[in-house]
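Beneath this line is the structure, given in structure tokens, with notes to follow.
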Amino acid sequence: MTCCTQLLTVVAELSRAAQQVDGAQVEALAEEILRAKRVFVAGAGRSGLCVRAFANRLMHLGICVYVVGETVTPPLTKDDLLLIGSGSGKTSGLVVLAEKAAAIGAHLATVTLAPQNPIGALCRVKVVLPGTTRLLADEARPGVSTQPMGSLFEQLSFLVYDALVLRLMEITGKKPEDLVCRHGNLE
């Protein structure tokens with residue numbers, strides 16, 4: 001197969017997977033983001049990169065957002081939302097964060113493949129995506145994706161986050177130029 005053929009395979013797989021996303025779950029996450037005083041995001045590996053990119057767009061929207069683990073991240077409070085991107089829902093460091101956030105009384109949400117796992121069990125809002133990860137290899141998921149490890153989940157989560165940005169723009173009446181004015185200028 002050529003690289004272009006592989007690309008078309010990935011795009012077709014993403015299209016099929018996107019049709020399985022529950023719009024009500026995504027809408028619930030949009031509402032939770034808008035209700036929060038501040039939004040904190042966390043994730044590990046490639047899922048972490050996706051949620052960090054989402055944080056960047058939330059900042060462009062004018063939403064007060066922090067990436068957990070950065071030195072400028074303030075303490076989480078009960079008025080805040082912690083959004084965890086975790087395909088498996090059982091990455092140990094992220095489970096600890098979810099448990100701490102729950103103990104504080106903060107709102108929790110996740111984008112995940114496995115809402116029944118420890119992180120999902122603590123979250124009020126769950127966006128469940130199709131796919132698999134290396135940590136879910138023990139669960140029956142044959143034929144879910146032709147791509148390695150968590151690629152389908154990571155790609156689809158990135159697209160869901162971008163769709164969320166569009167929905168948040170719609171709800172808040174923001175236009176693309178409203179986001180551009182918050183784009184970094186120290187490039």
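Some points to look at:
- Calculated mean residue ellipticity, 222 nm, the chain: -15000 deg cm²/dmol, from DSSP H runs (n ≥ 4) at -39500 (n - 2.57) each, averaged per residue and rounded to 500.
- Candidates 43, 89, 69, ranked by Gaussian network fluctuation over the chain, Cα under 10 Å, top entry: 69
- Between the C-alpha center of segment 5-21 and that of segment 73-137 there is a gap of 25 Å.
- Accessible area (Å², 1.4 Å probe, nearest 10) - residue 169: 30 Å²
- GNM result for the chain, Cα springs below 10 Å: residue of 110, 71, 132 fluctuating most strongly: 71
- Highest-fluctuation residue, 11, 72, 160 considered, GNM on the chain with Cα pairs under 10 Å: 72
- At R0 = 41 Å, FRET efficiency that the Cβ-Cβ distance of residue 185 and residue 20 yields, to 0.05: 0.55
- Annotated for the chain: lysine pairs at least 8 residues apart or interchain, Cα distance under 17 Å, count 4.
- Here the calculated FRET efficiency for residue 121 and residue 9, from their Cβ-Cβ distance with R0 = 41 Å, stands at 0.75, rounded to the nearest 0.05.
- Chain lengthening between residue 79 and residue 99 when straightened (0.36 nm per residue, less Cα-Cα): 5.6 nm
- Accessible surface of the chain [probe 1.4 Å, protein heavy atoms]: carbon and sulfur percent: 59 percent
The values are calculated or read from the model by the stated rules, or taken from the named source; none is laboratory data. The structure displayed is predicted, hence computed values, not measured ones. Using ideal geometry, Cβ is built from the backbone for each residue, glycine included, and neighbour counts are taken over all protein chains shown. These area figures cover heavy atoms from the full protein model, side chains too; ligands, DNA and RNA do not enter into them. Shrake-Rupley method; radii C 1.70, N 1.55, O 1.52, S 1.80 Å.
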